[in-house]
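Engineer: So that we are looking at the same thing, I have put the structure below in structure tokens.
The values are calculated or read from the model by the stated rules, or taken from the named source; none is laboratory data. The shown structure was predicted, so the numbers you read here are calculated from the model rather than taken from an experiment. Please note: Cβ atoms are built from the backbone with ideal geometry, for glycine as well, and neighbour counts cover all protein chains shown. What goes into the accessible areas is simple: the full protein's heavy atoms, side chains included, and nothing from ligands, DNA or RNA. Shrake-Rupley method; radii C 1.70, N 1.55, O 1.52, S 1.80 Å.
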Amino acid sequence: MDARFDSRIMHNIIDQGPHTMKLRILPHKGDWRCANVPRIALQFNVPPITHIEPNHPGKRNLVDSFLEVSQDNVIVCAIKKAERDDCLVIRAYESFGMETKCDFDLKFLKVKFSANFSPFEIKTFKILSSGEARETNLLED
């Protein structure tokens, strides 16, 4: 039987029709932590957005980092403007299930701070206009 999927018809059964998917095989030694699977999966599923900038005079390096994190198992999942003020908000989580002390370095703002993460803990930090980093809750209170 050769049937075609008609997208104009409401079907009672889900997952019909063509699907597009990506697959990555990651051979590695040791367990998933040794291969840093959470970070590689994030990079695979959410590729970076590139922006081509034209030549212009400037004092900054050709390549630099906005934020550096000292531990591979701490993943920054959001950098954004705060909801209620002009502060910067950084949200990160520990991805290996282990206690971790992590250093954060916001190079352009010249702000450095450290945080201790429990296994799989999510933390939110508010960078105040004074340059102080303060841990806050998910609602940024």
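Engineer: For segment 47-125, take the alpha-carbon Rg, divide it by the Kirkwood Rh, and send me Rg/Rh.
Structural biologist: 1.03
Engineer: Using a 1.4 angstrom probe on heavy atoms only, work out the carbon and sulfur share of the accessible area of segment 1-98 in %.
Structural biologist: Answer for segment 1-98 is 56 percent, counting heavy atoms of protein chains only.
Engineer: Could you check the simple spin-label distance between I40 and E99, using points 7 Å along Cα→Cβ, in nm with one decimal?
Structural biologist: 2.9
Engineer: Here's a follow-up. Determine how many Å³ per residue the convex hull of the Cα atoms of the chain encloses.
Structural biologist: 263
Engineer: Treating only the Cβ atoms of Lys and Arg (+1) and Asp and Glu (-1) as charged, compute the dipole magnitude of the chain about its Cα centre; round to the nearest 20 debye.
Structural biologist: For this selection, approximately 360 debye.
Engineer: Which peptide among 93-105, 123-135 comes first, and what is the full order, when sorted by highest mean count of other Cβ atoms within 10 Å?
Structural biologist: Most protected by this proxy first, the peptides run 93-105, 123-135.
Engineer: With respect to the cross-link table entries K29/K80; K29/K101; K29/K107; K22/K112; K22/K107, which display a Cα-Cα separation exceeding 29 Å?
Structural biologist: Distance filter (> 29 Å) returns K29/K80; K29/K107; K22/K112; K22/K107.
Engineer: Same structure, new question: Would you list L62, L42, L67, L109 from the most to the least accessible area, probe 1.4 Å?
Structural biologist: L62, L109, L42, L67
Engineer: Over the alpha-carbon set of segment 91-141, work out the extent along each principal axis and list the three values in angstrom, largest first.
Structural biologist: Here the spans come out as 32, 24, 13 Å, largest first.
Engineer: With all protein chains present and a 1.4 Å probe, how do C87, C34, C77 order by accessible area, largest first?
Structural biologist: C34, C77, C87
Engineer: Another one. Over segment 2-141, what is the mean sequence separation of C-alpha contacts under 8 Å (at least six apart), divided by residue count, expressed as relative contact order in percent?
Structural biologist: Value for segment 2-141: 16 percent.
Engineer: What does the accessible area per residue of the chain come to in Å², with a 1.4 Å probe and no ligands, DNA or RNA counted?
Structural biologist: That works out to 80 Å² per residue.
Engineer: Let me ask another. Normalise the Cα radius of gyration of segment 1-66 by 2.2 N^0.38 Å (N = residues in it) and let me know the number.
Structural biologist: Compactness ratio reported: 2.02.
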